[in-house]
1. Around Ala510, which amide H atoms from residues at least 5 apart in sequence, or from another chain, sit under 5 Å from its own amide H, with H modelled in the peptide plane?
2. From the cross-link list Lys384/Lys588; Lys380/Lys424; Lys214/Lys544; Lys315/Lys380; Lys380/Lys458; Lys315/Lys498, which pairs have alpha carbons spaced over 26 Å apart?
3. Give me the number: length gained by fully extending Leu537 to Leu274, i.e. 0.36 nm times residue separation minus the C-alpha to C-alpha distance, one decimal in nm.
4. By its C-alpha gyration tensor, with a ≥ b ≥ c as the square roots of the eigenvalues, how is the range 269-343 shaped: rounded for a/c under 1.5, else prolate for a/b larger than b/c, else oblate?
5. Cross-link candidates for Lys199: which lysines have Cα within less than 19 Å, leaving aside residues fewer than 8 places away along the same chain?
6. Taking the Cβ of each residue in His317, His87 as the centre, tally the other Cβ atoms inside 10 Å and list the residues starting with the fewest.
7. Using modelled backbone amide H atoms (1.01 Å from N, in-plane), which distant-in-sequence or interchain residues come within less than 5 Å of Tyr582's amide H?
8. Quick one: 3J(HN,Hα) in Hz for the range 420-427, Karplus 6.51/-1.76/1.60 with θ = phi - 60°, rounded, Gly and Pro as x.
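What follows is calculated from the coordinates using simple rules that are stated; it is not laboratory data. Bear in mind that the values here come from a model prediction, so they are computed numbers and not experimental data. Virtual Cβ from ideal backbone geometry, glycine too; neighbours counted across all protein chains shown.
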Amino acid sequence: MSKRGISFFNLSIKNILSASDPILDQARIRLIYYGLILSFIGVLAILPNVFSLHQSMQFSLSVILLVIFAILFKYFTFIPDWVTVSHALLVTGTAFVVFSVYFLFQNVNIIVIQLILLIILFGYYMLGVRWGTVYSLCNLFPILGFLVYDDANQMLTKLKPETVDGYTMIVCVFFNFILIMFIQGHFYGAFLKNIAQLKEFADSEKQLNEKLEKAVHRAERSSETQSDFLSTMSHEIRTPLNAVIGMSNLLMMESPRPDQKENLEILRFSAGNLLNLINDVLDFNKIESGKIAFENIKFNLNDLLQNISGGQMLKAHEKGLSFQLHVDEFLKDRYMIGDPTRLSQIIFNLISNAIKFTNRGGVQIDVTCVQDRHNEATIKFSIKDTGIGIADDKAAVIFDPFTQESITTTRQFGGTGLGLAIVKRLLELQGVNIYLESEINVGSEFYFVIDFPVSADKMSAEEPVRHTPASERGDFPIDSIQVLIAEDNPVNVMLMKKLFSKWSITPVIAENGERAIELLQYGNFDIILMDLQMPVLDGFEASKLIRKMPDPKKAHIPIIALTASALFDIKDKVYSAGMNDYVSKPFKPAELMEKMLSLIIPVS
């Protein structure tokens with residue numbers, strides 16, 4: 001059996017052809033198969049005639065050709081190697097042409113010319129340009145040489161040339177023309193079929209591209225729908241959460257009894273955890289959607305880490321853990337260029353995880369300068385703990401979203417499993433890898449190395465002058481501020497009234513943006529707190545209309561957006577609508593007051 005599983009006794013072309021073969025290869029296989037049959041029949045047709053005329057050389061040559069054609073046909077029907085058979089046929093044809101011109105006929109007749117044409121066509125169609133050229137030259141040069149000698153009337157050999165009788169000439173010319181027509185017509189049809197197939201493939205590819213575009217469009221719409229859904233859900237969850245945290249803060253401000261204070265702390269802590277979970281999901285969605293940009297601003301690493309560690313140190317001490325922060329001396333008086341907000345998020349998540357999964361021992365943060373290149377520094381951040389550790393086979397899994405080491409870990413420690421996924425994504429977006437070394441019941445170390453451009457400015461050796469926040473200044477009468485609040489949610493309205501009553505401020509409430517504009521037209525206010533999602537007229541449109549008011553004082557009134565939304569471009573939308581700042585719900589009362597006063601009075 002051959003490689004294609006063809007029987008040795010096979011004579012059919014159906015067993016040779018394969019639908020998987022290219023169209024041109026199928027055409028070549030058919031050409032050899034039927035060409036050998038035609039050639040065999042043609043030679044067989046002249047054999048009796050040359051025998052009867054006692055043309056010994058023609059008879060011997062015909063017999064040899066019949067044997068060669070039969071052997072090649074049997075070989076080809078068993079092993080359809082068209083390349084080898086093509087070479088064999090071309091070598092045979094070339095040898096026949098040379099023998100015929102120099103020995104058999106000793107002239108260039110129409111049979112020889114047809115054979116040369118056959119060889120040229122067959123060589124190029126079957127074996128390509130290189131071999132087609134080789135076989136063409138192998139036939140042309142001997143003919144040209146013969147014509148030169150013949151022109152000089154020189155006999156090439158002492159053999160007596162044989163003549164071709166009329167019957168032999170007719171049969172040879174006929175079959176040669178048939179083969180030339182067959183080769184040309186067969187390959188022309190194959191080329192047309194190949195072109196048609198290419199066009200069909202191009203049309204199919206075009207349809208696939210159209211389907212792909214539709215699929216991409218559907219995916220984009222699905223992504224937008226998902227983002228809108230998360231934003232809506234965020235708003236709906238944050239609105240009642242704002243009331244829970246706001247009321248907790250108000251009750252804490254009323255000097256509660258120790259037992260009440262403990263309950264309020266638990267309530268506020270649980271609400272804060274819920275808010276952190278929501279923020280994790282929204283942050284991860286923002287990162288996965290690719291709608292995140294990194295800032296390049298000047299900041300001091302030591303100050304940044306001290307601020308991050310302040311609150312985390314208290315959490316560690318509450319669990320009875322030690323907390324150590326070591327920052328390289330080189331970094332303490334230098335400014336880096338980068339995104340301090342995202343860096344804070346990365347380090348905060350890593351430290352929070354370390355404290356969360358550590359019950360004894362402590363947490364250690366090391367920040368060292370690995371390499372100083374004057375205008376660029378390579379910084380290594382390392383967060384170590386003596387916690388529960390991570391198994392080797394789980395080391396890669398913990399960076400996957402919504403994944404923790406095990407179900408037991410999730411039940412015992414809680415969480416969404418998004419913290420490390422957010423860390424990894426934020427670092428990868430900056431071309432940085434995070435590494436983990438861990439041992440069960442010994443502890444873990446997360447570390448990463450990142451390059452920061454170094455600012456030419458250096459921090460002064462003296463203690464920087466601290467500007468007093470507006471909320472801490474005693475020379476401004478806070479209770480004299482006239483505040484207009486545009487808010488449609490009754491719970492939030494009640495919360496805002498109670499909060500402002502603590503500051504001895506009585507705000508004016510507008511239930512929608514249109515009502516806020518009416519109240520502003522007939523009243524005098526120092527600032528507007530504008531909810532963004534309201535009926536009749538939302539906060540964006542209301543702010544745009546306020547900025548177009550003819551009275552310059554009213555048109556330039558400070559506006560702070562109050563939003564529970566988590567849209568990716570909310571900040572840009574707020575500023576493009578003409579608002580001065582925004583506060584996300586749930587907010588801290590001190591943060592809101594600070595932003596209000598910073599817009600009303602200059603910070604000294």
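1. Answer set, sorted by chain and number: Ile485, Ala486, Glu487.
2. On the way: Lys384/Lys588 32 Å; Lys380/Lys424 15 Å; Lys214/Lys544 37 Å; Lys315/Lys380 24 Å; Lys380/Lys458 21 Å; Lys315/Lys498 31 Å.
Check vs 26 Å cut-off fails for Lys384/Lys588; Lys214/Lys544; Lys315/Lys498.
3. Values: separation 263, 0.36 × 263 = 94.68 nm, distance 3.07 nm.
Fully extending the segment from Leu537 to Leu274 adds 91.6 nm.
4. On the way: a/c = 3.22, a/b = 1.07, b/c = 3.02.
Cα axes put the range 269-343 in the oblate bin.
5. Excluding near neighbours in sequence, the set is Lys211.
6. Details: His317 13, His87 16.
Exposure proxy ranking, most exposed first: His317, His87.
7. For Tyr582, the qualifying residues are Ala561.
8. For the range 420-427, the Karplus curve yields 6, 5, 5, 4, 4, 5, 4, 6 Hz.
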